[in-house]
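All remarks here apply to the structure that follows.
What follows is calculated from the coordinates using simple rules that are stated; it is not laboratory data. Computed from a prediction, not measured in an experiment: that's the story for all the values here. As a convention, Cβ positions derive from the backbone with ideal geometry for all residues, glycine included, and neighbour counts pool all protein chains shown.
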Amino acid sequence: MKKKRQLFQVVGGTLEWKEDSFPNIDCTNALQYSIAKWKFIVEWLRKWKQPLRDGGASTCALCHVYNDGMQDAPCLGCPISELTGSAQCRNTPYRLYAITSVNENLTYLTELVALTELNFLRALQQGQPRE
């Protein structure tokens, strides 16, 4: 069985792309790579039980495709933005993750929020409406 290539690494408590594994990201696969990011985060939190900064837009495949830094139209075309009606992942579980992930006293909550973000992205991929 072929071992799956690891896309991410943790350096100093922050998630980063592994230099030798940065994928070719486009609109056809960005959501899948974003799901892979959150799967890695959930697994890491379960294993290490320590805070993990997610790297923000620099490790988000969707941001690589849809956030070009334009102030008047950030996240234009991003499936998350189209679903929520907001830019920069507002109105998603990510916002709570950003708050809890910097506090080691909230690691259990952070894991739950990361899992919620992962499930949110999986539902988006499957075309399910958000509850």
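Taking the stretch 56-82 as the range and being in contact (Cβ under 8 Å) with a residue 24 or more places away in the chain and within 15 Å of residue 35 (Cβ to Cβ) as the test, the residues that pass are 59, 60, 61, 62, 64, 65, 79, 80. Considering the stretch 35-48, the residues that are free of Cβ contacts under 8 Å to residues at least 60 places away in the same chain and over 11 Å from the mean Cα position of the chain (by Cα) include one that is surrounded by the fewest Cβ atoms within 10 Å (Cβ to Cβ), namely 47. The number of residues in the stretch 83-106 that are farther than 21 Å from residue 53 by Cβ and surrounded by fewer than 13 Cβ atoms within 10 Å (Cβ to Cβ) comes to 1. Scanning the stretch 15-34 for residues that are over 23 Å from residue 102 (Cβ atoms), touching a helix residue (DSSP H, G or I) at 6+ places or on another chain (Cβ under 8 Å) and either aromatic (Phe, Trp, Tyr) or touching a residue at least 60 places away in the same chain (Cβ under 8 Å) (or both) gives 31, 32, 33. Could we say that residue 123 is part of a helix (DSSP H, G or I) and more than 17 Å from residue 40 (Cα to Cα) here? In short, yes.
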